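Only one structure is covered here, and it is reproduced in the block below.
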Amino acid sequence: MKILITGAAGFIGYHLSELLIKHNHLVVGLDNINDYYNTSLKFSRLEQLGINKVEAEKYKIKCYSSIHNERFSFIRMDLEDRLELPSLFKAEKFDIVCNLAAQPGVRYSIENPEVYIDSNIVGFLNVLECCRHHKIKHFVYASSSSVYGLNKKIPFSVEDRTDSPISLYAATKKSNELLAYTYSHLYKILSTGLRFFTVYGPWGRPDMAMFLFTDAIARNQPIKVFNQGKLERDFTYVSDITNGILEVINKKMEQRKIDNDFYKIYNIGNNNSVKLGDFIKEIEINLGKKAQKIMLPMQPGDVERTWANIDALINDYGYKPKTTVAQGVRKFVDWYKSYYN
């Protein structure tokens, strides 16, 4: 199948591109390569996919992988572009769209709200319109555990209420789910939303806890530990996420259409809540250094605990996360040492 991955220069988008190519899909990657964090990491991910920086820097010019040839191509483009994106859909005739592109970051959304509306809502709507007019077989998109807000019930279930987001980022992700539902209802677009839970691993974003902690400890710098360390997260290794996406892409499309089951939402996580202190200990073990901790209060927009109930994804797709936190942290630290020498 021919699959469009938006956000292909991003952390999860890069790993998903690698996996889909390995499974003999034709992959077209799209990314605007914004500067929310250092773009050198984004270009490095693309280089791993066989796209050199000189080609990737050009807007609206399709380039092919030097490693995978026609199996992977890349185009730099904004999702909000209402002229170029429909033209791309018309030319490429995609079977499936995996929309992973979004402006990330809970705290950043408090300071830069306009960016989130443009990318996460206007861009998302533009993708939906393209799916509508170009007969996409399946629209898979990234949602987030942040939609659960301050829900006290643990673990979080897809049946729980999600109408009280506590950050603009969370509000945009909930808006995505509502828009996808509306388009599925009106136009019979097969859509699957996946609520990601704290994804980490090699090539991860430098603004996330995994990288921030590892980098600071390695450089003998103090780390900021919020809510006095009383945080828990359902840390999910990136390959468990991408393998889950692969299962959703490969299975049940026709049956869902027969069943008139066009709209689905799933949690995708590790099905376990890990204390932040235990996560930090694993980093310390793999670096052979102790962390210097600055204990701070809770940050606006944050939640104390996340934990995914993944029963629905297990029942429908046989999803099974395999990577323990100890294994995942070791793989990340090994990559960090290699990449940053």
| query | Percent of accessible area on the chain owned by carbon and sulfur, 1.4 Å probe? | reply | 50 percent
| query | Going by alpha carbons, how many degrees (0 to 90, nearest 10) lie between the helix axis of 168-187 and the longest principal axis of the chain? | reply | 30 degrees
| field | Antiparallel bridges, percent of DSSP beta bridges restricted to the chain (to nearest 5) | value | 10 percent
| request: Can you tell me the FRET efficiency between residue 60 and residue 258 if r is taken as the Cβ-Cβ distance and R0 is 35 Å, rounded to the nearest 0.05? | output: 0.35
| Under a point spin-label approximation (7 Å from Cα along Cα-to-Cβ), what is the residue 302-residue 35 distance to one decimal in nm? | 2.8 nm
| Hull-based mean projected area of the stretch 263-341, where the convex hull spans the alpha carbons, in square nanometres | 7.9 nm²
| What size of dipole, in debye to the nearest 20, comes out for the chain about its Cα centre when the only charges are +1 on Lys and Arg C-beta atoms and -1 on Asp and Glu C-beta atoms? | 520 debye
| Backbone N within the stretch 131-162 under 20 Å of label point (7 Å from residue 90 Cα along the Cβ vector) | 131-137
| task | Find out how many positive minus negative residues lie around residue 195, taking Lys and Arg as positive, Asp and Glu as negative, among other residues whose Cβ is under 11 Å from that of residue 195. | result | -1
| remark: Stokes-Einstein D for the stretch 106-164 (20 °C, 1.002 mPa s, Kirkwood Rh from Cα pairs), in µm²/s, comes to 154 µm²/s
| request: Calculate how steeply helix 325-339 sits against the longest principal axis of the alpha-carbon atoms of the chain, using the helix alpha-carbon long axis, and give the answer as 0 to 90 degrees to the nearest 10. | output: 80 degrees
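How big is D, in µm² s⁻¹, for the stretch 274-317 by Stokes-Einstein at 37 °C and 0.692 mPa s if Rh is the Kirkwood radius over C-alpha pairs?
Estimated via Stokes-Einstein, D reaches 240 µm²/s.
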| query | Of 341, 324, 301, which is farthest on the positive side of the dipole of the stretch 210-341, counting Cα position, with +1 on Lys and Arg Cβ, -1 on Asp and Glu Cβ, and the Cα centre as origin? | reply | 341
| What share of all Cα pairs of the chain, in percent, falls into each consecutive 10 Å distance bin? | 5, 26, 36, 24, 8, 1
| query | In deg cm²/dmol and to the nearest 500, what is the mean residue ellipticity at 222 nm of the chain if only DSSP H runs of at least 4 residues count, each as -39500 (n - 2.57), divided by the residue total? | reply | -12000 deg cm²/dmol
| field | Per residue solvent-accessible surface (Å²) - the stretch 16-74, probe of 1.4 Å | value | 47 Å²
| query | How big is the Cα convex hull of the stretch 14-119 in projection, averaged over all directions, in nm²? | reply | 7.0 nm²
| task | Kindly flag which residue pairs out of 62/251; 90/135; 90/264; 62/93; 152/230 have an alpha-carbon separation exceeding 19 Å in this structure. | result | 62/251; 90/264
| field | Whole-percent pair-distance distribution, where bins are 5 Å wide, for the alpha carbons of the stretch 161-317 | value | 2, 8, 14, 18, 18, 14, 10, 7, 5, 3, 1, 0
| note | Once normalised by the length of the chain, the mean sequence separation of its alpha carbon contacts under 8 Å that are 6 or more apart gives a contact order in percent of 17 percent
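With N set to the number of residues, divide the alpha-carbon radius of gyration of the stretch 143-204 by 2.2 N^0.38 Å and report two decimals. Before the final figure, lay out the partial values.
Numbers: Rg = 13.0 Å, N = 62, 2.2 N^0.38 = 10.6 Å.
So the stretch 143-204 has a normalised radius of gyration of 1.24.
The values are calculated or read from the model by the stated rules, or taken from the named source; none is laboratory data. Everything quoted here is computed from the prediction, not taken from an experiment. Neighbour counts are summed over all protein chains in view; Cβ atoms, including those assigned to glycine, are modelled from backbone coordinates with ideal geometry. We work out accessible area using only protein heavy atoms, side chains counted, and drop any ligands, DNA or RNA first. Shrake-Rupley method; radii C 1.70, N 1.55, O 1.52, S 1.80 Å.
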